[in-house]
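The values are calculated or read from the model by the stated rules, or taken from the named source; none is laboratory data. Fair warning: this is a prediction, and the values are worked out from it, not measured in the lab. As a convention, Cβ positions derive from the backbone with ideal geometry for all residues, glycine included, and neighbour counts pool all protein chains shown. All accessible areas refer to the heavy atoms of the entire protein, side chains included, with ligands and DNA or RNA removed. Shrake-Rupley method; radii C 1.70, N 1.55, O 1.52, S 1.80 Å.
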Amino acid sequence: VLVNFFEWTLDGLVSKPFSEAPKYDNLPNGWEEGWLDDIDLQGNHITVFLRNWFRDAYAKGFAHVLIDFPRVQAREDGRPRTLDDDRKEGLRPYWVQVAPENVLFAHSETVNGVERLTQVRILEEETEVTEWEETVVRRIRVLRPGSVELYRQGTDKKWKLEDEWATGLDAIPFVTYYAGTREGLHLAKPPLLDLAYLNVAHWQSSSDQRNVLKVARFPLLAGSGL
């Protein structure tokens, strides 16, 4: 009875550009064979990842991807790490999809006509298991060009610096895809927002009809000559 037209339309739109597997040409130097088969180190092919990214962006107006890299240990001999060291240890970049609601803050500046992110703060949650207990740990990842800071929320609800490290990059590897009309930095109107409101109105109307039937069917106690 209550058809989810919003999700039905969203799935139809997302399926069209991915009805055939995308082809990837002119990949950057350093891409290894097999990276596309597991782009996020979670076993997802790049086509599956892009489809989820595309779907999230059309549902919410925009969505993000963070290009991350595992933490590395310095060489014991003190010499700088090389690409060969990363390959031997199986280390490589991977993609992380970030929902818009998890980005707490973002700032950018325009340099030579190009927008450049200067800071991004991302809320992260992780479940830590100790013996028979599960604890949800909240962290805020602060990204800046060349550095990352990780803040952890304690039991007293205060945030404390847990870790920090340098990335060696002169930019923040954070990419945003705008599916809706962009209205500012990380701000856009979802393309299907009007349909979503219409769907909610349909549900509300059906709920009102149900309530009317309930009231109309309720027997009223009547007395005569009392």
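Over all directions, what mean area does the Cα convex hull of the chain project, stated in square nanometres?
23.8
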So if we plug the beta-carbon distance of TYR197 and SER15 into 1/(1 + (r/R0)^6) with R0 = 22 Å, what FRET efficiency do we get, rounded to 0.05? 0.40
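Loop only per DSSP, at most 12 neighbouring Cβ atoms within 10 Å: give me the trypsin sites (Lys or Arg not before Pro) in the range 136-217, ordered by residue number. Show your work: numbers first, answer last.
Values: sites: ARG138, ARG139, ARG141, ARG152, LYS157, LYS158, LYS160, ARG182, ARG210, LYS214, ARG217; in loops: LYS157, LYS158.
Loop-located and lightly packed - LYS157, LYS158.
How much net charge surrounds TYR94 when only other residues with a Cβ under 11 Å from its Cβ are counted (Lys, Arg +1; Asp, Glu -1)? Display every interim value, and only then the final one.
Details: positive: ARG92; negative: ASP38, ASP40, ASP68.
It works out to a net charge of -2.
Tally Lys and Arg at +1 and Asp and Glu at -1 over the other residues with C-beta under 10 Å from the C-beta of TRP165: what net charge comes out?
Working: positive: ARG71; negative: GLU149, ASP163, GLU164.
With Lys, Arg at +1 and Asp, Glu at -1, the neighbours total -2.
Compute the accessible area per residue over the range 129-211, keeping the other protein chains in place, probe 1.4 Å, unit Å². Intermediate values should be presented prior to the final figure.
Values: 5810 Å² over 83 residues.
Value returned for the range 129-211: 70 Å² of accessible area per residue.
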Whole-Hz Karplus couplings 3J(HN,Hα) for the range 95-105, θ = phi - 60° and coefficients 6.51, -1.76, 1.60, Gly and Pro as x, run 9, 10, 7, 10, 6, x, 5, 8, 8, 7, 7
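Tell me, what is the percent relative contact order of the chain, built from C-alpha pairs under 8 Å that lie six or more residues apart?
Details: 309 pairs, mean separation 43.8, N = 226.
This gives 19 percent for the chain.
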Longest exposed-site-free window of the chain, the sites being GluC sites (Glu not before Pro) in a DSSP loop that have at most 15 other C-beta atoms within 10 Å: 132-226
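In Å², and per residue, what accessible area does the range 13-106 have when probed at 1.4 Å with the other protein chains present?
Working: 6140 Å² over 94 residues.
Averaged over the residues of the range 13-106, the accessible area is 65 Å².
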Using a 1.4 angstrom probe on heavy atoms only, work out the carbon and sulfur share of the accessible area of the range 93-165 in %. 47
